[in-house]
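Undergrad: Shown below is the structure under consideration.
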């Protein structure tokens, strides 16, 4: 379901709006207004699963509140 980018150390860059947190996804709400975005869950176990599925191990050091308030997955990655 989730693609893998070989550059695991670099955080994703955003250009405004919501950006999908899946490492290999380029969907942004400004450039792609037709997509829906889902916040990361508040449950710690599920957040860790999402981080792994998104190939975003760089998020493991962040607190849960920061993650679920500012990181999203687009509906393309829920297909």
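The values are calculated or read from the model by the stated rules, or taken from the named source; none is laboratory data. Note that the coordinates shown come from a computational prediction; the quantities given were computed from them, not determined experimentally. Note that we place each Cβ from the backbone using ideal geometry, even for glycine, and neighbour counts take in every protein chain shown.
Undergrad: Inside segment 60-69, can you point out the residues that are part of a helix (DSSP H, G or I) and exposed (fewer than 14 other Cβ atoms within 10 Å of the Cβ)?
TA: 65, 66, 69, listed by residue number.
Undergrad: Looking at 56, 23, 46, which is the one that is surrounded by fewer than 18 Cβ atoms within 10 Å (Cβ to Cβ), out of contact with any strand residue (DSSP E or B) (no Cβ under 9 Å at 6 or more places or on another chain) and modelled with pLDDT of 95 or more?
TA: Details: 56 fails: surrounded by fewer than 18 Cβ atoms within 10 Å (Cβ to Cβ); 23 fails: surrounded by fewer than 18 Cβ atoms within 10 Å (Cβ to Cβ).
Of 56, 23, 46, the one residue that is surrounded by fewer than 18 Cβ atoms within 10 Å (Cβ to Cβ), out of contact with any strand residue (DSSP E or B) (no Cβ under 9 Å at 6 or more places or on another chain) and modelled with pLDDT of 95 or more is 46.
Undergrad: Would it be correct to say that residue 30 is surrounded by fewer than 14 Cβ atoms within 10 Å (Cβ to Cβ), without any contact (Cβ under 8 Å) to a residue 24 or more places away in the chain and not in a helix (DSSP H, G or I)?
TA: yes
Undergrad: Could you check segment 1-20 and list, in sequence order, the residues that are in contact with a strand residue (DSSP E or B) (Cβ under 6 Å, 6 or more places away or on another chain) and at pLDDT below 95?
TA: The answer is 17, and nothing else.
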